[in-house]
Amino acid sequence: MTHSPDSKQADDFSLVLGGPLFQLLIRARLSTDTLGLVKRRVIFFSSFTWLPLLVLSVLTGETLGGAIKVPFFYDVDVHVRYLLALPLLLVAEIVVHQRIGLIIRQFVERGIVLPHARTDFEAIIGSAMRLRNSVLIEVLLIVLVLIAGHYVWSSQVVLKAATWYAAVADGQHQYSPAGYWYAFVSIPVFQFLLMRWYFRIFIWVRALWQVSRMDLHLVPTHPDRAAGLGFLGGSTAALMPLLLSQGALLAGQIANNIFYEGKTLLDFKPEIVAAVVFLLLLVLGPLCVFAPRLAQVKREGLLEYGALASRYVEGFDQKWLRGGAPPDEQLVGTGDIQSLNDLAGSFEIVHSMRPFPFSKTVMLQTAIAALAPLLPLTLTMISLEDLVKRLLGILL
């Protein structure tokens with residue numbers, strides 16, 4: 001497929017191919033300019049953040065227990081964070097790069113961005129990529145992580161019990177050698193990668209919001225029931241690895257509290273609900289910027305197609321019910337009935353237009369993806385055997 005010269009910015013759009021860290025990874029041969037070598041990046045980041053913790057814990061005898069309530073090998077959070085959640089953050093880059101660019105190009109290829117607005121559309125894409133490449137933003141993210149990140153982690157995540165990374169004395173945590181690496185290297189690295197993803201979502205929101213304010217060609221009778229914007233719902237699939245990463249991170253933290261703080265899964269209902277709402281907003285929120293535009297298209301469509309329907313049914317009524325049909329024309333076999341049915345179908349599509357460019361099914365799939373990593377924790381409330389029996393009872 002060929003693209004017009006003025007769509008080059010849209011062709012090259014990527015939320016992830018840019019920024020100082022990206023350039024550094026290329027120079028270190030941990031990435032290519034198309035995000036290749038993902039296995040190498042996963043091994044490097046997991047080794048850099050997790051392996052030193054293992055080595056230092058072995059050297060200080062904090063791996064299996066003894067006087068420590070939470071030895072290294074039994075700390076669910078640390079293993080989930082660096083062996084599952086962190087790799088998923090890296091894998092998400094490839095998926096987002098491959099799919100979000102395709103979605104952006106649909107605005108041009110489907111004629112939604114009108115020819116006279118192409119220049120403005122390309123300017124929006126160019127602005128998004130410049131923001132993505134900002135050195136200042138990544139420096140500010142590092143500063144934010146170093147200043148606020150440690151406080152948030154130490155006050156909200158750290159267990160109160162004696163662990164492999166910190167002993168508790170006079171209400172204060174005294175870090176072990178492994179704890180220092182964990183608190184001041186591993187945690188900041190993970191927080192930076194996560195904050196970098198949040199910044200990318202901000203870029204995505206900003207770009208879509210600017211596009212939503214353009215002069216777009218939206219058709220209320222489009223069969224996707226989103227005036228032709230239904231393809232935007234595909235962006236949720238691109239962000240699934242990010243969702244799973246966030247869900248796994250929450251599951252690891254809750255697991256530690258269940259195993260070592262005497263809490264139950266039900267104690268975390270508010271946190272789980274808040275997390276699901278947050279992740280739904282993270283993934284689906286950017287698409288909601290089109291809601292006012294879709295509402296306007298629906299209102300106008302109902303008026304326009306309502307007026308068209310009134311004219312047509314008036315003519316149909318005069319012709320077939322008030323004696324206006326020619327004597328030699330029979331109702332059976334006429335195309336008027338089919339036209340009336342087609343018009344009713346078009347009006348029904350307009351009437352059933354969704355307020356957002358995604359369906360309830362997409363919303364449900366997103367919520368399930370966010371909750372999936374928490375499912376193993378249900379075994380803390382019910383045995384696997386009982387769970388299987390209940391599932392078989394439901395299915396059979």
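The values are calculated or read from the model by the stated rules, or taken from the named source; none is laboratory data. What you see is a predicted model, and the numbers here were worked out from it, not measured in a lab. Here the Cβ is made from the backbone with ideal geometry for all residues, glycine too, and neighbour counts use every protein chain on show. Remember, those area values only see protein heavy atoms, side chains included, never the ligands or the DNA or RNA. Shrake-Rupley method; radii C 1.70, N 1.55, O 1.52, S 1.80 Å.
Some values worked out for this structure:
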| quantity | calculated |
| --- | --- |
| Scope the range 85-105; condition over 14 Å from the mean Cα position of the chain (by Cα) and open to solvent by 40 Å² or more (accessible area, probe 1.4 Å); matching residues | GLN98, LEU102, ARG105 |
| Residue within the range 373-384 that is loosely packed, with under 13 Cβ neighbours inside 10 Å, modelled with pLDDT of 80 or more and of a type in the set (Val, Ile, Thr) present | yes |
| ALA227 hydrophobic (A, V, I, L, M, F, W, C), over 23 Å from LEU86 (Cα atoms) and either surrounded by fewer than 23 Cβ atoms within 10 Å (Cβ to Cβ) or touching a Leu at 6+ places or on another chain (Cβ under 7 Å) (or both) | yes |
| Whichever residue in the range 1-29 is charged (D, E, K, R) and surrounded by 12 or more Cβ atoms within 10 Å (Cβ to Cβ) and, among such residues, is modelled with the lowest pLDDT | ASP6 |
| Residue match in the range 278-297 (condition: more than 29 Å from PRO223 (Cβ to Cβ) and surrounded by fewer than 19 Cβ atoms within 10 Å (Cβ to Cβ)) | yes |
| The range 36-84, subset of a type in the set (Gly, Ala, Ser), surrounded by fewer than 21 Cβ atoms within 10 Å (Cβ to Cβ) and assigned to a helix (DSSP H, G or I), residue farthest from the chain's Cα centre (by Cα) | SER47 |
| Checklist (1) closer than 28 Å to LEU15 by Cα; (2) open to solvent by less than 10 Å² (accessible area, probe 1.4 Å); (3) in a helix (DSSP H, G or I) applied to LEU244, failing item | (2) |
| Residue count, the range 119-132 (criterion: more than 18 Å from PHE107 (Cβ to Cβ) and either surrounded by fewer than 15 Cβ atoms within 10 Å (Cβ to Cβ) or at pLDDT below 90 (or both)) | 1 |
| Selection from the range 178-211 of residues that are over 24 Å from VAL135 (Cβ atoms) and open to solvent by less than 10 Å² (accessible area, probe 1.4 Å) | ALA178, GLY179, TYR182, ALA183, SER186, LEU208, VAL211 |
| Boolean, VAL168 is within 24 Å of LEU59 (Cβ to Cβ), open to solvent by 50 Å² or more (accessible area, probe 1.4 Å) and at pLDDT below 90 | yes |
| Evaluation of ALA248 against (1) modelled with pLDDT under 90; (2) under 22 Å from the mean Cα position of the chain (by Cα) (one fails), failing number | (1) |
| Tally, over the range 133-157, of residues that are buried (at least 17 other Cβ atoms within 10 Å of the Cβ) and modelled with pLDDT under 90 | 2 |
| Cβ pairs under 6 Å, 6+ apart, first in the range 297-311 and under 20 Å from ASP215 (Cα atoms), second among the small types (Gly, Ala, Ser) | VAL297/ALA227 |
